[in-house]
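The values are calculated or read from the model by the stated rules, or taken from the named source; none is laboratory data. All figures in this text were calculated on a predicted structure; none of them were measured in a lab. Counting neighbours? That spans all protein chains shown, and the Cβs are built from the backbone with ideal geometry, glycine included.
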Amino acid sequence: MTTLLTLQNETLGWGETPVLTGVSLSVQQGERIALLGPSGVGKSTLLHTMFSRLADQRVALAPQEAGLVVQLSVFHNVWMGCLDDFSAPRNLRTLLWPSATERAKVEEVLSQTGLGGLGRRKVSALSGGQKQRVALSRALLRRGAVVIADEPVSSVDPAQARDLLRTVTQTFQTSVLALHDVALAQGYATRIIGLRAGKVAIDCAADALSQADIMSLYS
(Lines give C-alpha, C1' and ligand atoms only; values in the text may rest on other atoms or scores of the structure.)
Protein backbone atom coordinates (compact mmCIF):
# COMPACT_ATOMS: atom_id res chain seq x y z
CA MET A 1 0.00 0.00 0.00
CA THR A 2 1.02 3.61 -0.57
CA THR A 3 1.86 5.62 2.54
CA LEU A 4 0.09 8.98 2.49
CA LEU A 5 1.31 10.36 5.80
CA THR A 6 3.81 9.51 8.52
CA LEU A 7 4.18 11.02 12.00
CA GLN A 8 7.22 10.00 14.02
CA ASN A 9 7.39 10.69 17.77
CA GLU A 10 5.78 14.09 17.36
CA THR A 11 4.28 16.56 19.81
CA LEU A 12 1.05 18.05 18.49
CA GLY A 13 -0.88 20.99 19.82
CA TRP A 14 -2.05 24.55 19.29
CA GLY A 15 0.63 27.23 19.44
CA GLU A 16 2.91 26.51 22.39
CA THR A 17 0.39 24.26 24.13
CA PRO A 18 1.01 20.53 23.63
CA VAL A 19 -2.05 18.31 23.39
CA LEU A 20 -0.59 15.00 22.22
CA THR A 21 2.96 13.76 22.71
CA GLY A 22 5.01 10.92 21.26
CA VAL A 23 2.68 10.45 18.30
CA SER A 24 3.98 7.89 15.81
CA LEU A 25 1.67 6.56 13.12
CA SER A 26 1.21 6.36 9.38
CA VAL A 27 -1.82 6.49 7.11
CA GLN A 28 -1.96 4.06 4.21
CA GLN A 29 -3.96 4.52 1.05
CA GLY A 30 -7.23 2.61 1.27
CA GLU A 31 -7.53 2.64 5.06
CA ARG A 32 -10.70 3.60 6.90
CA ILE A 33 -9.47 4.95 10.23
CA ALA A 34 -11.70 5.82 13.18
CA LEU A 35 -10.35 7.94 16.03
CA LEU A 36 -11.80 7.14 19.44
CA GLY A 37 -11.39 8.71 22.87
CA PRO A 38 -13.16 10.99 25.34
CA SER A 39 -13.98 14.61 24.53
CA GLY A 40 -10.98 16.92 24.77
CA VAL A 41 -8.41 14.16 24.42
CA GLY A 42 -6.94 15.52 21.18
CA LYS A 43 -8.86 13.93 18.31
CA SER A 44 -9.44 17.31 16.63
CA THR A 45 -5.75 18.18 17.08
CA LEU A 46 -4.67 14.97 15.36
CA LEU A 47 -7.14 15.50 12.52
CA HIS A 48 -5.94 19.07 12.03
CA THR A 49 -2.34 17.89 11.83
CA MET A 50 -3.20 15.17 9.34
CA PHE A 51 -5.07 17.65 7.17
CA SER A 52 -2.15 20.10 7.15
CA ARG A 53 0.37 17.34 6.31
CA LEU A 54 -1.68 16.08 3.36
CA ALA A 55 -1.28 19.33 1.44
CA ASP A 56 -0.07 17.46 -1.65
CA GLN A 57 -3.31 15.46 -1.80
CA ARG A 58 -6.84 16.54 -2.62
CA VAL A 59 -8.51 16.30 0.78
CA ALA A 60 -12.16 16.79 1.67
CA LEU A 61 -12.77 18.17 5.14
CA ALA A 62 -15.79 18.10 7.44
CA PRO A 63 -14.79 19.90 10.67
CA GLN A 64 -16.62 19.43 13.97
CA GLU A 65 -18.13 22.91 13.96
CA ALA A 66 -19.25 22.37 10.33
CA GLY A 67 -17.63 25.60 9.08
CA LEU A 68 -20.82 26.80 7.43
CA VAL A 69 -21.90 30.32 6.47
CA VAL A 70 -25.33 30.30 8.04
CA GLN A 71 -26.54 33.39 6.15
CA LEU A 72 -26.14 31.57 2.83
CA SER A 73 -28.18 28.77 1.33
CA VAL A 74 -27.49 25.07 1.58
CA PHE A 75 -26.51 25.11 -2.10
CA HIS A 76 -23.88 27.80 -1.62
CA ASN A 77 -22.40 26.11 1.44
CA VAL A 78 -22.10 22.78 -0.35
CA TRP A 79 -20.67 24.44 -3.47
CA MET A 80 -17.84 25.83 -1.33
CA GLY A 81 -16.34 22.37 -1.47
CA CYS A 82 -15.16 22.98 -5.00
CA LEU A 83 -14.47 26.75 -5.00
CA ASP A 84 -10.75 26.22 -5.59
CA ASP A 85 -11.53 24.39 -8.83
CA PHE A 86 -12.73 27.59 -10.48
CA SER A 87 -11.70 31.19 -11.03
CA ALA A 88 -12.89 34.07 -8.86
CA PRO A 89 -15.18 35.45 -11.62
CA ARG A 90 -16.76 32.03 -12.08
CA ASN A 91 -17.32 31.68 -8.33
CA LEU A 92 -18.85 35.16 -8.15
CA ARG A 93 -21.24 34.25 -10.94
CA THR A 94 -22.20 31.05 -9.11
CA LEU A 95 -22.81 33.03 -5.92
CA LEU A 96 -25.24 35.33 -7.74
CA TRP A 97 -26.68 33.14 -10.50
CA PRO A 98 -26.09 29.41 -10.02
CA SER A 99 -26.69 27.45 -13.20
CA ALA A 100 -29.08 24.53 -13.49
CA THR A 101 -26.09 22.22 -13.94
CA GLU A 102 -24.44 23.47 -10.74
CA ARG A 103 -27.65 23.10 -8.79
CA ALA A 104 -28.07 19.57 -10.13
CA LYS A 105 -24.54 18.59 -9.00
CA VAL A 106 -25.27 19.82 -5.49
CA GLU A 107 -28.70 18.20 -5.44
CA GLU A 108 -27.09 14.86 -6.24
CA VAL A 109 -24.98 14.90 -3.07
CA LEU A 110 -27.82 16.36 -1.00
CA SER A 111 -29.95 13.39 -1.98
CA GLN A 112 -27.18 11.11 -0.69
CA THR A 113 -27.26 12.77 2.73
CA GLY A 114 -31.03 12.99 3.12
CA LEU A 115 -31.23 16.70 2.31
CA GLY A 116 -32.73 16.48 -1.14
CA GLY A 117 -34.84 19.51 -2.07
CA LEU A 118 -33.27 21.78 0.56
CA GLY A 119 -30.69 23.47 -1.66
CA ARG A 120 -32.38 26.87 -1.56
CA ARG A 121 -32.99 26.88 2.20
CA LYS A 122 -30.82 29.07 4.41
CA VAL A 123 -28.48 27.14 6.66
CA SER A 124 -29.65 29.26 9.62
CA ALA A 125 -33.05 27.56 9.34
CA LEU A 126 -31.63 24.03 9.67
CA SER A 127 -31.37 21.75 12.69
CA GLY A 128 -28.01 20.70 14.09
CA GLY A 129 -28.17 17.32 12.39
CA GLN A 130 -29.03 18.93 9.06
CA LYS A 131 -26.12 21.34 9.35
CA GLN A 132 -23.83 18.40 10.00
CA ARG A 133 -25.10 16.75 6.83
CA VAL A 134 -24.55 19.96 4.84
CA ALA A 135 -20.89 19.86 5.88
CA LEU A 136 -20.67 16.22 4.85
CA SER A 137 -22.39 17.03 1.55
CA ARG A 138 -19.74 19.69 0.91
CA ALA A 139 -17.04 17.05 1.42
CA LEU A 140 -18.84 14.62 -0.88
CA LEU A 141 -19.06 17.25 -3.62
CA ARG A 142 -15.36 18.02 -3.29
CA ARG A 143 -14.33 14.35 -3.42
CA GLY A 144 -10.60 13.69 -3.46
CA ALA A 145 -8.05 11.14 -2.31
CA VAL A 146 -8.87 11.44 1.39
CA VAL A 147 -11.69 12.65 3.62
CA ILE A 148 -11.01 13.92 7.13
CA ALA A 149 -14.06 14.43 9.30
CA ASP A 150 -14.55 15.34 12.96
CA GLU A 151 -17.68 13.73 14.44
CA PRO A 152 -19.53 13.95 11.11
CA VAL A 153 -22.59 11.93 12.21
CA SER A 154 -22.88 12.66 15.93
CA SER A 155 -26.21 14.51 15.55
CA VAL A 156 -28.09 11.97 13.44
CA ASP A 157 -29.80 8.72 14.41
CA PRO A 158 -27.82 5.44 14.26
CA ALA A 159 -29.47 4.09 11.10
CA GLN A 160 -28.85 7.33 9.23
CA ALA A 161 -25.29 7.46 10.57
CA ARG A 162 -24.58 4.01 9.13
CA ASP A 163 -26.02 5.06 5.76
CA LEU A 164 -23.91 8.23 5.70
CA LEU A 165 -20.72 6.35 6.56
CA ARG A 166 -21.51 3.85 3.82
CA THR A 167 -21.71 6.77 1.39
CA VAL A 168 -18.37 8.06 2.64
CA THR A 169 -16.83 4.63 2.03
CA GLN A 170 -18.20 4.52 -1.50
CA THR A 171 -16.93 8.03 -2.29
CA PHE A 172 -13.45 8.10 -0.73
CA GLN A 173 -10.73 5.49 -0.95
CA THR A 174 -9.11 6.68 2.30
CA SER A 175 -10.78 8.23 5.33
CA VAL A 176 -9.92 9.38 8.83
CA LEU A 177 -12.95 10.08 11.01
CA ALA A 178 -13.31 10.97 14.67
CA LEU A 179 -16.38 9.13 15.97
CA HIS A 180 -18.10 9.06 19.35
CA ASP A 181 -19.97 5.78 18.86
CA VAL A 182 -17.67 2.79 19.36
CA ALA A 183 -19.99 0.26 17.71
CA LEU A 184 -20.43 2.55 14.72
CA ALA A 185 -16.66 2.96 14.47
CA GLN A 186 -16.09 -0.79 14.56
CA GLY A 187 -18.68 -1.34 11.84
CA TYR A 188 -17.19 1.34 9.61
CA ALA A 189 -13.43 1.33 10.11
CA THR A 190 -10.66 -1.03 9.13
CA ARG A 191 -8.41 0.47 11.81
CA ILE A 192 -8.98 2.06 15.21
CA ILE A 193 -6.72 4.69 16.77
CA GLY A 194 -7.58 5.37 20.39
CA LEU A 195 -6.35 8.42 22.31
CA ARG A 196 -6.02 8.68 26.07
CA ALA A 197 -4.17 11.05 28.40
CA GLY A 198 -2.36 12.84 25.59
CA LYS A 199 -1.08 9.68 23.92
CA VAL A 200 -1.96 7.20 21.22
CA ALA A 201 -3.08 4.37 23.51
CA ILE A 202 -4.49 1.99 20.88
CA ASP A 203 -3.67 1.41 17.23
CA CYS A 204 -5.14 -1.81 15.93
CA ALA A 205 -7.38 -3.42 13.33
CA ALA A 206 -11.04 -2.69 14.01
CA ASP A 207 -11.87 -6.36 14.41
CA ALA A 208 -9.10 -6.73 17.02
CA LEU A 209 -10.48 -4.05 19.36
CA SER A 210 -11.51 -5.68 22.62
CA GLN A 211 -13.94 -4.59 25.30
CA ALA A 212 -10.96 -4.11 27.60
CA ASP A 213 -9.41 -1.74 25.04
CA ILE A 214 -12.59 0.28 24.92
CA MET A 215 -12.85 0.46 28.71
CA SER A 216 -9.24 1.62 28.92
CA LEU A 217 -10.01 4.64 26.72
CA TYR A 218 -13.07 5.84 28.59
CA SER A 219 -12.38 4.84 32.20
Options L7, L46, L68, L72; residue that is in contact with a Lys or Arg (Cβ under 8 Å, 6 or more places away or on another chain), more than 29 Å from A100 (Cβ to Cβ) and hydrophobic (A, V, I, L, M, F, W, C): L7
Could you tell me whether any residue of region 43-59 is buried (at least 16 other Cβ atoms within 10 Å of the Cβ), in a loop (DSSP other than H, G, I, E, B) and out of contact with any Ser or Thr (no Cβ under 9 Å at 6 or more places or on another chain)? yes
Residue tally, condition among the aromatic types (F, W, Y) and assigned to a loop (DSSP other than H, G, I, E, B), over region 168-219: 1
Looking at region 116-142, which of its residues are among the charged types (D, E, K, R), under 13 Å from V106 (Cβ atoms) and surrounded by fewer than 20 Cβ atoms within 10 Å (Cβ to Cβ)? R120, R121
Within region 24-34, is there a residue that is free of Cβ contacts under 8 Å to residues at least 60 places away in the same chain, surrounded by 14 or more Cβ atoms within 10 Å (Cβ to Cβ), among the small types (G, A, S) and assigned to a strand (DSSP E or B)? no
Search result, residues across region 99-157 that are closer than 11 Å to V74 by Cβ and either polar (S, T, N, Q) or without any contact (Cβ under 8 Å) to a residue 12 or more places away in the chain (or both): T113, G116, G117, S124, A125, Q130, S137
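Quick grid of which residues meet (1) more than 29 Å from E31 (Cα to Cα); (2) at pLDDT below 95:
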site: V69; (1), (2): yes, yes
site: F75; (1), (2): yes, no
site: D84; (1), (2): no, yes
site: L110; (1), (2): no, no
site: Q130; (1), (2): no, yes
site: S137; (1), (2): no, no
site: L140; (1), (2): no, no
site: P152; (1), (2): no, yes
site: R162; (1), (2): no, yes
Could you tell me whether L83 is over 21 Å from G129 (Cβ atoms), among the hydrophobic types (A, V, I, L, M, F, W, C), out of contact with any helix residue (DSSP H, G or I) (no Cβ under 7 Å at 6 or more places or on another chain) and surrounded by 12 or more Cβ atoms within 10 Å (Cβ to Cβ)? no
Got at least one residue in region 179-186 being of a type in the set (D, E, K, R) and over 23 Å from A100 (Cα atoms)? yes
Quick one: in region 174-203, which of the residues that are crowded, with 16+ Cβ neighbours inside 10 Å and among the hydroxyl-bearing types (S, T, Y) is modelled with the lowest pLDDT? Y188
Here the residues within region 148-167 that are assigned to a loop (DSSP other than H, G, I, E, B), under 17 Å from L47 (Cβ atoms) and small (G, A, S) are S154
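Yes/no per residue for (1) more than 22 Å from S39 (Cα to Cα); (2) in contact with a Leu (Cβ under 7 Å, 6 or more places away or on another chain):
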site: L96; (1), (2): yes, no
site: R103; (1), (2): yes, no
site: L110; (1), (2): yes, yes
site: R121; (1), (2): yes, no
site: G128; (1), (2): no, no
site: R143; (1), (2): yes, no
site: V153; (1), (2): no, yes
site: V168; (1), (2): yes, no
As an exercise: evaluate V78 against (1) under 30 Å from T101 (Cβ atoms); (2) assigned to a loop (DSSP other than H, G, I, E, B); (3) β-branched (V, I, T) and give the number of the one condition it does not meet. (2)
If you check every pair at least six apart or on different chains, which have Cβ atoms under 8 Å apart with a residue in region 42-60 that is at pLDDT below 95 first and a residue that is in a helix (DSSP H, G or I) and of a type in the set (S, T, Y) second? none
